[in-house]
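> Below you'll find the structure I mean.
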Amino acid sequence: MQTIGSSILDIGTSKWNADAAPQECLSSSIPSHMMLPAVANPAEFCRTNFSVEKGKDYDQDIKFFKGTTTLAFKFQGGVVVSVDSRATQGPYIASQSVKKVIEINPFLLGTMAGGAADCQFWERDLGRQCRLYELRNKERISVAAASKLLCNTMYAYRGYGLSMGTMVTGWDKTGPQLYYVDNDATRIHGDLFSVGSGSTYAYGVLDNHYRYDLTVEEAIELGKRAILHATHRDAYSGGINNVYHVGENGWTKVWSNDTTEMYYNYYPLTKAVEDGQEEKMEL
């Protein structure tokens with residue numbers, strides 16, 4: 001049985017030499033548990049079927065189309081994080097119950113957008129790194145440091161096909177903090193972010209109603225409405241709306257409900273008209 005060498009990781013990236021013999025990627029002396037595809041040319045098979053470099057199209061047979069809506073914003077009472085729960089691959093809905101908020105520790109949250117496996121694995125790995133920091137330094141890690149750890153990990157894996165658009169938020173010595181980190185090792189500090197295919201719809205609601213002096217109740221309501229309208233207009237977003245509030249004493253899950261039920265609760269006359277009742281909506 002042949003095993004896989006370290007150079008196989010360069011397949012599809014700028015480091016990959018398509019003219020090189022596939023035997024260069026194989027070595028019987030390197031121990032590995034990764035099996036090669038059962039085809040004549042494993043390297044060319046991977047290159048043809050999987051896109052692993054942003055902005056490149058190899059006319060691959062399998063294209064990964066992703067969709068989601070996640071958002072988070074700071075206000076005077078902390079941070080509100082609101083997400084949907086639908087996982088899709090193009091028009092195929094794989095799940096309606098994905099947990100898109102990763103609970104890193106009692107004071108840190110991360111969101112998922114992009115590849116579900118990449119986000120879940122690396123944000124859980126971030127939780128491991130944060131715990132090691134606490135054990136070594138005898139204090140809780142800051143949000144800035146946690147986001148930098150994730151950014152450093154993404155920098156080490158740039159060009160290897162990861163797909164992540166995450167937000168890292170929490171409360172530390174400096175108060176509520178919010179960062180955006182993606183698979184290109186981009187790291188941005190800000191007050192409001194929305195990530196995913198439905199983010200443009202969410203931004204429409206947020207830009208109209210967001211202000212820093214929101215009360216906790218108003219902020220939660222804004223998070224709910226932004227996700228609701230995004231899931232109503234974006235076919236790749238939907239399922240359950242989960243809302244978290246991050247305060248001085250840590251995060252709390254404050255809301256979880258089906259977005260379809262939410263829509264008809266906000267707009268009951270729409271449901272009545274669809275049921276055939278002779279009622280007119282007031283404009």
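> So for region 73-132, Kirkwood radius off the Cα pairs, Stokes-Einstein at 10 °C and 1.306 mPa s: how many µm² s⁻¹?
Diffusion coefficient, whole number: 123 µm²/s.
> Which percent of the accessible area of region 125-283 is formed by carbon and sulfur heavy atoms (probe 1.4 angstrom)?
Carbon and sulfur: 49 percent of the exposed surface of region 125-283.
> Past the 21 Å Cα-Cα mark, which pairs from K100/K173; K99/K224; K148/K173; K66/K148; K66/K100; K138/K173?
The pairs that break the limit, which is 21 Å between Cα atoms, are K100/K173; K66/K148.
> I'd like the distance between the alpha-carbon centres of region 215-240 and region 136-195, rounded to an integer number of Å.
Between the Cα centre of region 215-240 and that of region 136-195, the gap is 23 Å.
The values are calculated or read from the model by the stated rules, or taken from the named source; none is laboratory data. Remember, predicted model here, so these are calculated numbers, not experimental data. With ligands, DNA and RNA removed, areas are computed over all heavy atoms of the protein, side chains included. Shrake-Rupley method; radii C 1.70, N 1.55, O 1.52, S 1.80 Å.
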